[in-house]
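The values are calculated or read from the model by the stated rules, or taken from the named source; none is laboratory data. Note that the structure is a prediction, hence the values are computed from the model and not measured. So basically every Cβ, Gly included, is an ideal-geometry build from the backbone, and we count neighbours across all protein chains shown. Areas reflect the complete protein model, heavy atoms only, side chains present, ligands, DNA and RNA absent. Shrake-Rupley method; radii C 1.70, N 1.55, O 1.52, S 1.80 Å.
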Amino acid sequence: MHNAQADLLRQVRALSVERTVRGQYHGYLAERGVDDNSTTETYVATELSIDSDRWRGVPFRLRTGKRLPVNAVEVVVEFRRPTAFMAAGGATRQPEPNLVRFRLGRSDGVTISIQAKEPGSGPASRPVDLAVDFDGVLGHRQEAYERLLDDVLDGSQQRFASQQTIEQEWRIVAPILDLDAAPLPYEPRSWGPGSVVGGPDGTWHLVGPTETASYHMAAPPIDERAV
C-alpha cells in the first residue's frame, strides 16, 4: 500500500501559485502568541492535477481553513453532466451532475445525489439524496486514535505514512510555502476570501449539515490577489 501511495503522489504536479489562494481571518493577529506582522495563512484553496492516464484532466479542488462556518471533513466526487438530454423540450433546464459525498471523521457516511424525474408530464429532473450513516448502520466503532494505538501495539504500519510518501507530499506543497505575499483577509464564520479555485462558475459544493446555499467566491482583481 505504501508503494502504491508513493507511486500516485509522484504523478501529482507540484501546486501552482497561480491556482492557490491563501487567507487569514480577521482577528488572527490579535491571538495570543501571534506576531503582529504574521503572514501565516489560516485558509488555503488550491487545485491538484494528476498526470496519469486515469486522472489526467480531472481537477482535484481542495479547501481548508480555520473559523469557517462548519467543522467538517468531506470528499465530493462530481460526475460529468450528460452531453444530451434523455427527453426533449425547450423548457428543460440543465440537470445537476450526480454526486457521491464521503463524510469523514465524526458523523461519517456516504451520500449519493442522483437526478430523479419530477412528477408530472414535463421532462424536468431534480437531485435526490440517498444517504447512509455509518453510526446507524455499523454501530459503535473505534475512534481514530484508538485504531492508531492498536496498530502501534501490533507493530502495523499500514495507517502510517512512509518516508517516500512524506517526501512526495513536501514536493507537492513546496511552491506555496514561505511566500512573501500577505494572505487575503476574510471574516470569521465566512467561507474564506475571494478565490478562482472553485468550479467553472466559482462555486463550491455544500459542506456539512448546516450549509444551505452554494457559496460563490468572486475572483479579486489580479493585482490584489495574494497567491
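What whole-number distance in Å separates the alpha-carbon centres of region 1-34 and region 35-74? Using only Cα atoms to place each centre, the spacing works out to 6 Å. Heavy-atom accessible surface of Tyr28, to the nearest 10 Å², is about 40 Å², with a 1.4 Å probe and all protein chains retained.
Within the shell defined by Cβ-Cβ distances under 12 Å, the residues around Val128 carry a net charge of -1, with Lys and Arg each +1 and Asp and Glu each -1. With the Cα gyration tensor of region 94-207 giving a ≥ b ≥ c as the square roots of its eigenvalues, does the rule (a/c under 1.5 for rounded; else a/b larger than b/c for prolate; else oblate) give rounded, prolate or oblate? Verdict is oblate for region 94-207.
Using a 1.4 angstrom probe on the protein heavy atoms only, line up His140, His205 by accessible area, largest first.
Working: His140 165, His205 60 Å².
If we order His140, His205 from most to least accessible, we get His140, His205.
Count the net charge of all other residues whose Cβ sits under 13 Å from the Cβ of Glu47, scoring Lys and Arg as +1 and Asp and Glu as -1. Present the calculation step by step, with values, prior to reporting the outcome.
Values: positive: Arg13, Arg19, Arg61, Arg63; negative: Glu18.
Residues near Glu47 contribute +3 overall.
Order 184-191, 30-37, 153-160 from most to least packed using the mean count of other Cβ atoms within 10 Å.
On the way: 184-191: 16.2, 30-37: 7.6, 153-160: 9.8.
Ranked from most to least packed, the peptides come out as 184-191, 153-160, 30-37.
Amide H contacts of Ser113: Leu99, Val100, Arg101, Leu130, each under 5 Å away and 5 or more positions distant or on a separate chain (H built 1.01 Å from N in the peptide plane; Pro and chain starts excluded). Let me know the shape class of region 131-182, please: from the alpha-carbon gyration tensor, a ≥ b ≥ c as square roots of the eigenvalues, rounded when a/c is under 1.5, otherwise prolate if a/b is greater than b/c, or oblate. In terms of gyration-tensor shape, oblate. Projected label points at Gln5 and Val70, each 7 Å from Cα along the beta carbon direction, are separated by 2.7 nanometres.
When all protein chains stay in place and ligands, DNA and RNA are ignored, the 1.4 Å accessible-area order of Trp170, Trp55, Trp204, largest first, is Trp170, Trp55, Trp204. Computed with a 1.4 Å probe on the full set of protein chains, the accessible area for Arg147 sits at about 80 Å².
Multiplying the residue separation of Arg159 and Arg56 by 0.36 nm and removing their Cα-Cα distance gives an extension gain of 34.4 nm.
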